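**Student:** The structure follows.
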Amino acid sequence: MLNLALVALLSGSLLTGSPDGDCEKGKTDCETAPAAQAETALPTPPDERSLTSDTYAYGRPSDAAPIKLWVEAGIGNVEEVYLPNGDEVELNLNGVAGDIQSQRVAVGAQINVINFPAFKLGFGGHLNIASNKFENANLESGFGLQNVKIFATARGRVVGIHGGYILDLADEEQNNIAAGNFPTTEGRDAIFFGADFDYPSENFRLFGGADYYLMQEGDVMVFNPATGGLVTVNQTADSDILAFVMGAGLRFGILELGAALHIQTQFVDGFVSRNNAGLAASGGHNGSIAPYLKLSPPSLPVSLFVRGAVRNAFTEYGFRLGGGNDIKSNLGFTAGLTVGFD
């Protein structure tokens, strides 16, 4: 396209007059004018190959690659939890203290069916595979399906909206502690929607967003403080989650280095996955920070990234900043690769 535009520009100059007529009057100005005009008329498109996985969280759609695929893997562990008053205590399950070790693998795809510079409409899916292990109690889930997220996104140059459905895929046996397994999900689906913004410049990037998760009804495990154990109950469609992400990054050539702040709260009647760690079912909140590094070579339609956060069933946890009635996350990480297609 740049070559065609340059040809059109030169052709236009031929139609409007002889290239030698004005040069005889001032050769110096004539020699520099075409270069200046080309520079003004043909700016380099910003973020031409800036590709990452979750568009509304860590990157913006690319004009040059309306189809993209990604894969990522993460690992993290939890040793302590926040009590409702914010105090920190050792994690325990039914009176047994220990650490939760988590591993995550995800694959996804997105296609922008409308891909104009000022407006984009895209659809995609994100499949999560998970493993949780509670060390001292010999409980583990093994690698298995966790959930799949189906989403749609519409955005302008800076601001966008998105929404979709998260379908829980873990089978009942995987979440059965009595059989020696350890849950990776809350056992429920969720409807989610939100808004985001992403403002990039040549050397700086500012981004943020908010998501609301409408939890659906399902059979979930709840901590019973009277017995110190877990019981299965039918959870109504309460305990919704509200999550915020905001951050900034600096660019150094093909590198982008920055951090994202994650803040989330879950309302009353919830925190089932946190209940597995022995917390009360009364809602809670959490704040964490996730540094990230992204490598986007301009000559290749790929992006490599690593961020200091690990996915839970619905949201991400970075390095703990504070919270109440929630897990106290250590510094885990997720690394991945995204490939875009014209």
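**Student:** Filter the stretch 318-337 down to residues that are crowded, with 23+ Cβ neighbours inside 10 Å, at pLDDT below 90 and of a type outside the set (Gly, Ala, Ser) and give me whichever is farthest from ILE75 (Cα to Cα).
**Tutor:** Among those residues, the one meeting the criterion is ASN325.
**Student:** Name the residue, out of ALA130, ALA152, ALA118, that is open to solvent by 50 Å² or more (accessible area, probe 1.4 Å) and of a type in the set (A, V, I, L, M).
**Tutor:** Numbers: ALA130 fails: open to solvent by 50 Å² or more (accessible area, probe 1.4 Å); ALA152 fails: open to solvent by 50 Å² or more (accessible area, probe 1.4 Å).
The unique qualifying residue is ALA118.
**Student:** If you take the residues in the stretch 80-108 that are open to solvent by 40 Å² or more (accessible area, probe 1.4 Å) and modelled with pLDDT of 85 or more, which one is nearest to PHE192 (Cα to Cα)?
**Tutor:** VAL107
**Student:** I'd like to verify a number: residues in the stretch 287-342 that are closer than 22 Å to SER102 by Cβ and outside any loop (DSSP other than H, G, I, E, B), how many?
**Tutor:** The number of residues fulfilling the criteria is 29.
**Student:** Can you go through VAL306, VAL268 and tell me which one is among the β-branched types (Val, Ile, Thr), at pLDDT below 85 and open to solvent by 30 Å² or more (accessible area, probe 1.4 Å)?
**Tutor:** Numbers: VAL306 fails: at pLDDT below 85.
None of the others qualify; the one that does is VAL268.
The values are calculated or read from the model by the stated rules, or taken from the named source; none is laboratory data. Just so it is clear, the structure is predicted and the values come from calculations on it, not from any experiment. Don't worry about glycine lacking a Cβ; one is built from the backbone with ideal geometry, like all the others, and counts go over all protein chains shown. For the accessible areas, the whole protein counts, side chains as well, though only heavy atoms, and no ligand, DNA or RNA atoms are used. Shrake-Rupley method; radii C 1.70, N 1.55, O 1.52, S 1.80 Å.
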